[in-house]
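The values are calculated or read from the model by the stated rules, or taken from the named source; none is laboratory data. Keep in mind it's a predicted model, so treat the numbers as computed, not measured. Every residue, glycine as well, gets a Cβ built from its backbone with ideal geometry; the counts of neighbours run over all protein chains shown. These accessible areas exclude ligands, DNA and RNA; they are computed on the full protein's heavy atoms, side chains included. Shrake-Rupley method; radii C 1.70, N 1.55, O 1.52, S 1.80 Å.
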Amino acid sequence: MNNNLLIFLIFWGAWILIPIAVDGVYALIQVIVILIRGQKPKLQAYRLATDKMPLVSIVIPTYNEEQNVDECLNFLKTQTYPHQSIEVIIVDNGSSDRTSQIVQEHIAENRVHPSYNGQEQKIQHNGQTYPLTNHFRKIALINYQRQNKAHALNIGLEQAQGEIVLNIDCRSRLAPDAVYNMVAYFERDPELDSCTGNVEITWRPAQLNDQNGRAVFFDDGFIQQRDTTLKEDFLAKCQFLEYLTSFRIGREFQSIHKSIYTLSGAFSAFRKSSLQNNHFYPKDQNGYLENKNAAWYSDRTVTEDTDLTLSMQNKRLKVGYAAYSKAYLKPVISWQHLYAQRVRWRRGQIEVFGLYSKIIKNREYGFFGMIMFPLTLLLDHTLALPRLIWTALFPFLVLFGYSPTIVSIAFLVICGFNIAVDFFNIMICYPIVDQETKKKIRATLHYGFLISIFRFIVFYFRISGFLIALRESPSWTITGGPVQRTKRITQKMQTWTQNIASKVYRLIQGRNNPPNPAQAPSPKKNNTPSFLEKLHSANPAPNIEQNHVDGLARNNSAPLAPNNLARDNHINDRIDGLNHK
Amino acid sequence: MWQLYLVLAAIPIYLFLIIFFRKHREWLLYYVLGAFGFTLIVTLLVRYLEVENILVAIEVFHTNLVSQFINIPAQALSAGRLRLPMVHGMTILGIGIECSAVLEMSALVGLIAFYPAFSLYRKIMKIIAGLAITYVINIIRMIIIVAMTYHLGNNYVFIAHAIVGRLFFFVCIIVLYWYLITEPTIKGIGSFLSQGQKVTPQTLVKEPLGLIARSGIFMLITPALVGGLTALSFMHSDQWRTAFQGQILPESVLEEQKTVEDKQIIEEVQKTTPSPADPEISQNKATFLSPEVLTDDSIKAELLPALLSWEGDREWKCQVRLTVEEKPKAYYYYWRNLKTGQEIWKGPVKEPQDKILGQPDDLWRCLVSPRLKALYKAKENEQ
């Protein structure tokens, strides 16, 4: 029996076990490389000279972010970097909620020290207290009515005056020393052109907002936070562990080998001079530009950040990773949004990798072209195919003569192996992360048992992304998550089946008589609702809610016509807080 | 037979679901159900309609041919088996569901056929080429197993089959998936987007012409080679008859093929050979295993030379095997008719996961009934 089980497991389980094992081995290799060649803590202690505090621009694209924008800006107010050397540029992409109003309130408050009931406003985060301070050089709001994140980002980058330009999401909460450390990276390495920060998911309670989207304060000035639900907790902690391997390990490993292929939209930074000297999408090639001098992000794919990064790699610009410049990202806390996010990521990956497929196995690109690029595709696409089919086939091997006992035990062993690899991935991250993250790992270690379920579900989300990329128009909005879609499918199937059944029934009953061509067809023979009408009234079509991923909606926007490139007419005349050139 | 009817009944439901998901553009469900369902249905049909036997016979035939080519004296037998003479005895390797590659081939076809990209023509080309290449990979896998078993001994069958062969097959299939699916997908999408087009529900991602040209030749050559060589080898070899012979014979016919003498020996041995389950044996294990009953030396002196000499012209062959899996250890005789290659009798253990002791100095422990010993002697004296 043991021998039979072993043979069965190795033989058939290989299709599932090997891809999982490859993940674990790859993570181990990355950690070993990082331990040997990775960034050392002394980087964090790098102090900027007082005369080396360049102006930093923080660009934040927003769309219907009334739940997040206040918190995001509050966290910017905790930055240790001199606020006089920070300008904040919010590009609002035609929000229909109070996002603009909230930003305007912050603009109005910029010259005032934040207080509540005479108390200094404070945030408690990761067990520490951070006071909020204003007096940024400026906070500007650009209302860009046309919904296009890439263009919004380009406008923000164009308007940015700083030497270093940071690009963050509204869901990002920058650690108080994030800006400082990021600037330090650029100052230490004059050749660095762009850098992605260390993005870490946080499950800490989110800011409690009032009906206007502003923070609610305790009497002592602390911002109130709300508790998370069980589902939010589960999703947040699973995403934390997931980001641990992909970001903390993955990005640093890629950075060592100069093979970063995504500057995270949640937190990345550019040297403005590098941007000015490098235009990636000249207007005569695709005509997507707002301004011929602002030519960085493109909307030709749904992951403009990956597209930009590969463009930079293509031009041999230096792309780095700032392990000690941290942003805490609010997790996606619904399955529907998670589905939309992962579908978009995978779609974007396949689109961008397609655009830069010449890099695959191209020696000119060194490690990136020969190893990293094809390996990423191999892991994400090729190995996913046998895993996809054999996970479904596995239980049915009983039909081929294997005993149900052996198949069941083998299945359990595979699940156990999956859990073991997940634990392994978590544990090997431990030596290389900071103390704060170590604490979080200890707090979520038990999620090693649960994250396999999360990964299993997300695996199918990713496959969906690949498939949708092949047959559907690009869109940030995915109508409904898997649960809604399943319900919708079930209702559709029910309707379909009943349609067919009713047609067959009519056929049998001889009611399918051809209409008399001499007579105009009457819409109804009687006022009694038909069977199908009754059906539809009893089961109305589901109200499919638009899914706004990352707070930013997109539509299938056609590219700008070339003759509109000089200036986009959709930019609102009102640009608050921004000095016109 | 009921399984076959169940499969046939499942087909309309499967088709309904596939069409439904396709119509409503539920790509994930369409692809997963399509590929998986197709694989399952086709594999089950292939088995129940005994098409697998034909495939297995061809694989045995080809494996045998290639083995001969590399100086391994394998011999094709019926029922998907390959006989491999070893130093002490022989090994029969059987090709079952694990080595026939039916499942893997069906999976490949399913994954390509339901992939929501590429034209129908390209899909057909990929499927044909993919099947041919998978077949070749499978033959090479079996050659690896045969070669390792032949050169290293029966003890390495497990490693050869479950580890080395499997790993080789896995890696080759992944490489195949890369070139058939992943690379064309990436290049197709890239070509689309770089021309400023967007994927829409009305468009179909296709491979760029350069990739088609490069892979098209390969896709045409491989199946042509495999098919052509198969046809040629069938024409020039008699071994295929052995491979196919008996495939369609039911058990009763195989039973009838046993000679009268075979049956006598079976009966005799069954009567006289005690089973470890017999109370006499289980209660008297110490006595049973005592040197007075049999010893290594007695085996070496009496039986081993007889066994070693029973190659080639002998009609019957007795192998003695020691099972290592069962507790208590079971002993049994294993008779084979060397002319027909059929197992005449093995027992008393029904499914021994045995380990053939192939090395000359290995210990051979066997139960030898006095009656059987006499039979051995009688046979030898006759000849």
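General remarks:
- The single residue among A:R342, A:R300, A:R347, A:R316 that is within 14 Å of chain B (Cβ to nearest Cβ) and open to solvent by 20 Å² or more (accessible area, probe 1.4 Å) turns out to be A:R300.
- Counting the residues of region B:30-44 that are surrounded by fewer than 19 Cβ atoms within 10 Å (Cβ to Cβ) and either facing chain A (nearest Cβ under 8 Å) or at pLDDT below 90 (or both) gives 0.
- Flag if A:I419 is open to solvent by less than 50 Å² (accessible area, probe 1.4 Å), under 30 Å from A:R37 (Cβ atoms), in contact with a helix residue (DSSP H, G or I) (Cβ under 7 Å, 6 or more places away or on another chain) and among the hydrophobic types (A, V, I, L, M, F, W, C): no
- Qualifying positions in region A:375-404 - touching a Pro at 6+ places or on another chain (Cβ under 9 Å), surrounded by fewer than 21 Cβ atoms within 10 Å (Cβ to Cβ) and at the interface with another protein chain (Cβ under 10 Å from one of its Cβ atoms): A:A384
- Matching entry among A:I432, A:I451 (being in contact with an Asp or Glu (Cβ under 7 Å, 6 or more places away or on another chain), more than 14 Å from chain B (Cβ to nearest Cβ), open to solvent by less than 40 Å² (accessible area, probe 1.4 Å) and at negative phi): A:I451
- When residues of region B:12-29 are limited to those that are touching a residue at least 24 places away in the same chain (Cβ under 8 Å) and at the interface with another protein chain (Cβ under 8 Å from one of its Cβ atoms), the one least open to solvent (accessible area, probe 1.4 Å): B:W27
- Every residue from region A:243-261 that is open to solvent by less than 20 Å² (accessible area, probe 1.4 Å) and under 11 Å from A:T309 (Cα atoms): A:S259, A:I260
Yes or no, residue by residue, for (1) modelled with pLDDT of 80 or more; (2) farther than 28 Å from A:T437 by Cα; (3) surrounded by fewer than 18 Cβ atoms within 10 Å (Cβ to Cβ):
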{"position": "A:N126", "(1), (2), (3)": "no, no, yes"}
{"position": "A:I139", "(1), (2), (3)": "yes, yes, no"}
{"position": "A:Q147", "(1), (2), (3)": "no, yes, no"}
{"position": "A:N154", "(1), (2), (3)": "yes, yes, no"}
{"position": "A:L174", "(1), (2), (3)": "yes, no, no"}
{"position": "A:Y180", "(1), (2), (3)": "yes, no, no"}
{"position": "A:N198", "(1), (2), (3)": "yes, no, no"}
{"position": "A:A206", "(1), (2), (3)": "no, no, no"}
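- Flag for A:I371 being more than 15 Å from A:Y460 (Cβ to Cβ), open to solvent by less than 20 Å² (accessible area, probe 1.4 Å) and either in contact with a strand residue (DSSP E or B) (Cβ under 7 Å, 6 or more places away or on another chain) or part of a helix (DSSP H, G or I) (or both): no
- Test: residue in region A:92-101 that is β-branched (V, I, T), within 23 Å of the chain's Cα centre (by Cα) and surrounded by 20 or more Cβ atoms within 10 Å (Cβ to Cβ): yes
- Of all residues in region A:232-259, those satisfying the criterion of being in contact with a Pro (Cβ under 7 Å, 6 or more places away or on another chain) and not small (G, A, S) are A:L235, A:Q239.
- The set of residues in region A:57-72 that are open to solvent by less than 10 Å² (accessible area, probe 1.4 Å) and either in contact with a helix residue (DSSP H, G or I) (Cβ under 6 Å, 6 or more places away or on another chain) or among the polar types (S, T, N, Q) (or both) comprises A:S57, A:V59, A:P61, A:T62, A:E65, A:V69, A:D70.
- Any chance A:L166 is under 15 Å from A:I86 (Cβ atoms), in a strand (DSSP E or B) and in contact with a strand residue (DSSP E or B) (Cβ under 9 Å, 6 or more places away or on another chain): yes
- All conditions in (1) within 18 Å of the chain's Cα centre (by Cα); (2) away from chain A (no Cβ under 14 Å) hold for B:R47, with the sole exception of (2).
- Among the residues making up region A:85-101, those that are at pLDDT 90 or above and not hydroxyl-bearing (S, T, Y) are A:I86, A:E87, A:V88, A:I89, A:I90, A:V91, A:D92, A:Q101.
- The listed residue being open to solvent by 30 Å² or more (accessible area, probe 1.4 Å) and assigned to a helix (DSSP H, G or I), out of B:I163, B:I145, B:I174, B:I137: B:I163
- Those residues of region B:189-198 which are within 23 Å of B:M125 (Cβ to Cβ) and at the interface with chain A (Cβ under 7 Å from one of its Cβ atoms), in sequence order: B:I189, B:G190
- If only residues of region A:18-48 that are farther than 24 Å from A:I256 by Cβ and open to solvent by 30 Å² or more (accessible area, probe 1.4 Å) are counted, the one that is modelled with the lowest pLDDT is A:R47.
- Any hit, region B:57-80, residues being closer than 22 Å to A:L399 by Cα, under 29 Å from the mean Cα position of the chain (by Cα) and β-branched (V, I, T): no
- Per the conditions (1) within 11 Å of chain B (Cβ to nearest Cβ); (2) aromatic (F, W, Y); (3) open to solvent by 10 Å² or more (accessible area, probe 1.4 Å), the sole criterion not satisfied by A:Y324 is (1).
- Residues located in region A:350-368, provided they are within 11 Å of chain B (Cβ to nearest Cβ) and either touching a residue at least 12 places away in the same chain (Cβ under 8 Å) or open to solvent by 40 Å² or more (accessible area, probe 1.4 Å) (or both): A:I350, A:E351, A:V352, A:F353, A:L355, A:Y356, A:K358, A:I359, A:I360, A:K361
- With respect to being open to solvent by less than 40 Å² (accessible area, probe 1.4 Å), more than 8 Å from chain A (Cβ to nearest Cβ), within 27 Å of A:W12 (Cα to Cα) and part of a helix (DSSP H, G or I), B:G216 falls outside the description.
- Selection count where residues are out of contact with any helix residue (DSSP H, G or I) (no Cβ under 6 Å at 6 or more places or on another chain) and over 18 Å from A:A175 (Cα atoms), scope region A:243-270: 7
- Candidates are the residues of region A:458-479 that are at pLDDT 90 or above and open to solvent by 30 Å² or more (accessible area, probe 1.4 Å); the one that is nearest to the other protein chains (Cβ to nearest Cβ) is A:Y460.
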